[in-house]
Amino acid sequence: MQPEENFLKIIERRPISVMDIDVKTLASIYDERDVYLTIYTTLNDSSHRYIKKRLSIMGDVVDGELKENLMKSVEMAEEYIFCNPLPGERSRIIFSSYVKGFLHVYPLAVDVEPMAVLDTSPYLLPLAKLRDDYEDYAVLYVDSSTAYLYMVRSDIVEKVSHLKTYLKNRHKKGGMSQMRFNRLRRESIEHFLDKVVEDLRREVSGTDIRGILILGPGEAKKSLYEELPKELRGKVIELLDTESDLKEVEIVRIGDERSLEDEVERSMRSAEELREAVLKGAPSAYGPEEVRDALNTSRVRKLIILKDLSIPGWICERCQRIEVGKKPPERCPSCGGLTSIVDVVEELYELALRTGAEVEFVLENDFLKSVGGIGAILRY
Ligand SMILES: [Zn+2]
């Protein structure tokens, strides 16, 4: 598929969340020739040197039109490859293809391994793993009089709201009766909690957020939790008891820690779900070939991959036939098209995105390892 006109140039000028990158559309783009240059870089001297070396090696391997495209793709992206980081930027991803007039630049606030790849499509696997590690989440600090809501998006922290109730906890002598004071206080807290829920709903709706962590001292967390509409309640990772008056860095640190634990738990559950499905004969596939066939027929609901998995193979650049672990024939046996060497995992990941499957990376799992590092829960 060719990139659409409005998808040709995307140049972000400040660090963005990895979740803001449209991987689905990126995964739909490919060409028959190796015309897409992908660069992951940390923008320091050693990363600059490494990228330079990789580019020169790639230049030696290709020739003719491909070489010319590579040179011009580098030229087109040069000012974004060899430059200093923006404020808050830790790394960036660049996709460039001169012949397609295609240039995407994504500054990030998280770290990546430097790499440079020339392929038939933008190389998305490292980005996929980042997205698995850094899904967006919300942290809500709440006590009986204050609430802070933070959205943490790929380590970019945004404080989105800060609410306060204005009634003091203890009422001074004279003035209101205790009963009237208590009633006002209760109403004020209810109103306050309503506002917190409203803020949360506004911020979270429509975003692909992993979860909400609610923390703070005392009972306010629970009252808030009970106020939450069902769809928000389902997103709550945990209610966590903390001291009062937590600092922002503390709130975010706790949030990061818990959301990472949550991600590990979730990926373990996915691996377990796969094992159960295989054992019970529920719709499932394992091993790269079975998974590929299931993806080709759009049957995959969830693709589960060992994080450090790499499977050598080849793809036919014309009919997209993917074969595992074999030396590529010069011409595709199905259609006679040209073949090229690929990491099958990358191709399967792209297929998953194109067919709307969920993707889960698992750090360590014996069962998954025993079935070739890749499996899928199927729709039918
Ligand atoms: Zn073919």
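The values are calculated or read from the model by the stated rules, or taken from the named source; none is laboratory data. All values derive from a computational prediction rather than experimental measurement. Here the Cβ is made from the backbone with ideal geometry for all residues, glycine too, and neighbour counts use every protein chain on show.
Among the residues of the stretch 356-380, write down those that are over 22 Å from the mean Cα position of the chain (by Cα) and not hydrophobic (A, V, I, L, M, F, W, C).
366, 369, 370, 372, 379, 380 - these are the residues of the stretch 356-380 that are over 22 Å from the mean Cα position of the chain (by Cα) and not hydrophobic (A, V, I, L, M, F, W, C).
Quick check on my filter: what residues within the stretch 184-218 are among the hydroxyl-bearing types (Ser, Thr, Tyr) and under 25 Å from residue 253 (Cα atoms)?
Within the stretch 184-218, 205, 207 qualify.
Output the residue which, of all residues in the stretch 81-105 that are out of contact with any Pro (no Cβ under 9 Å at 6 or more places or on another chain) and of a type in the set (Ser, Thr, Tyr), is surrounded by the most Cβ atoms within 10 Å (Cβ to Cβ). Don't jump to the end; show me each part of the working.
Residues of the stretch 81-105 that are out of contact with any Pro (no Cβ under 9 Å at 6 or more places or on another chain), as a first pass: 81-84, 94, 96, 98-99, 103, 105.
Among the residues that remain, those that are also of a type in the set (Ser, Thr, Tyr) are: 96, 98.
Working: 96: 26, 98: 19.
Here the residue is 96.
For residue 350, which of the numbered conditions (1) in contact with a strand residue (DSSP E or B) (Cβ under 7 Å, 6 or more places away or on another chain); (2) of a type outside the set (Lys, Arg); (3) surrounded by 14 or more Cβ atoms within 10 Å (Cβ to Cβ) fails to hold?
Result: residue 350 fails condition (1) only.
Name every residue in the stretch 304-321 that is within 16 Å of the ligand (Cβ to nearest atom) and small (Gly, Ala, Ser), in order of residue number.
Once the filter is applied, which keeps residues that are within 16 Å of the ligand (Cβ to nearest atom) and small (Gly, Ala, Ser), the stretch 304-321 yields only 313.
From the list 303, 279, 338, which one is in contact with a Leu (Cβ under 8 Å, 6 or more places away or on another chain) and either under 24 Å from residue 237 (Cβ atoms) or at pLDDT below 95 (or both)?
The unique qualifying residue is 303.
So which of 265, 261, 257 is modelled with pLDDT of 90 or more, surrounded by fewer than 19 Cβ atoms within 10 Å (Cβ to Cβ) and not in a strand (DSSP E or B)?
265
Select, from 292, 301, the only residue that is within 16 Å of the ligand (Cβ to nearest atom), in contact (Cβ under 8 Å) with a residue 12 or more places away in the chain and outside any loop (DSSP other than H, G, I, E, B). Even if it seems obvious, please write down each step before you answer.
Numbers: 301 fails: within 16 Å of the ligand (Cβ to nearest atom).
Going through 292, 301 in turn, the sole match is 292.
When the residues of the stretch 329-351 are narrowed to those that are farther than 23 Å from residue 367 by Cβ and in contact with a Gly (Cβ under 8 Å, 6 or more places away or on another chain), which ends up nearest to the ligand (Cβ to nearest atom)?
Only one residue tops the list, namely 331.
Among the residues of the stretch 131-145, which ones are surrounded by 21 or more Cβ atoms within 10 Å (Cβ to Cβ) and either of a type outside the set (Phe, Trp, Tyr) or touching a strand residue (DSSP E or B) at 6+ places or on another chain (Cβ under 6 Å) (or both)?
Matches in the stretch 131-145: 135, 136, 137, 138, 139, 140, 141, 142.
Inspect all residues belonging to the stretch 307-318 and state whether any of them is among the aliphatic types (A, V, I, L, M) and more than 20 Å from the chain's Cα centre (by Cα).
So far as the stretch 307-318 goes, yes, one or more of its residues are among the aliphatic types (A, V, I, L, M) and more than 20 Å from the chain's Cα centre (by Cα).
Name, by its number, the condition in (1) within 16 Å of the ligand (Cβ to nearest atom); (2) among the β-branched types (Val, Ile, Thr); (3) assigned by TED's automatic domain parsing to the domain that holds residue 214 that does not hold for residue 324.
Checking residue 324 against (1) within 16 Å of the ligand (Cβ to nearest atom); (2) among the β-branched types (Val, Ile, Thr); (3) assigned by TED's automatic domain parsing to the domain that holds residue 214, the one that fails is (3).
For (1) modelled with pLDDT under 95; (2) in contact with a Ser or Thr (Cβ under 7 Å, 6 or more places away or on another chain), each residue gets a yes or a no:
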position: 48; (1), (2): no, no
position: 53; (1), (2): no, no
position: 56; (1), (2): no, no
position: 61; (1), (2): yes, no
position: 67; (1), (2): no, no
position: 72; (1), (2): no, no
position: 79; (1), (2): no, no
position: 85; (1), (2): no, no
position: 92; (1), (2): no, yes
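For (1) outside any strand (DSSP E or B); (2) within 21 Å of residue 126 (Cβ to Cβ); (3) of a type in the set (Gly, Ala, Ser); (4) touching a residue at least 24 places away in the same chain (Cβ under 8 Å), each residue gets a yes or a no:
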residue: 323; (1), (2), (3), (4): no, no, no, no
residue: 347; (1), (2), (3), (4): yes, yes, no, yes
residue: 361; (1), (2), (3), (4): no, yes, no, yes
residue: 380; (1), (2), (3), (4): yes, no, no, yes
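Any chance you could count how many residues in the stretch 177-220 are β-branched (Val, Ile, Thr), within 30 Å of residue 359 (Cβ to Cβ) and in a helix (DSSP H, G or I)?
So the count comes out to 1.
Could you check the stretch 97-124 and list, in sequence order, the residues that are of a type in the set (Gly, Ala, Ser), more than 13 Å from residue 43 (Cβ to Cβ) and not in a strand (DSSP E or B)?
Across the stretch 97-124, the qualifying residues are 101, 121.
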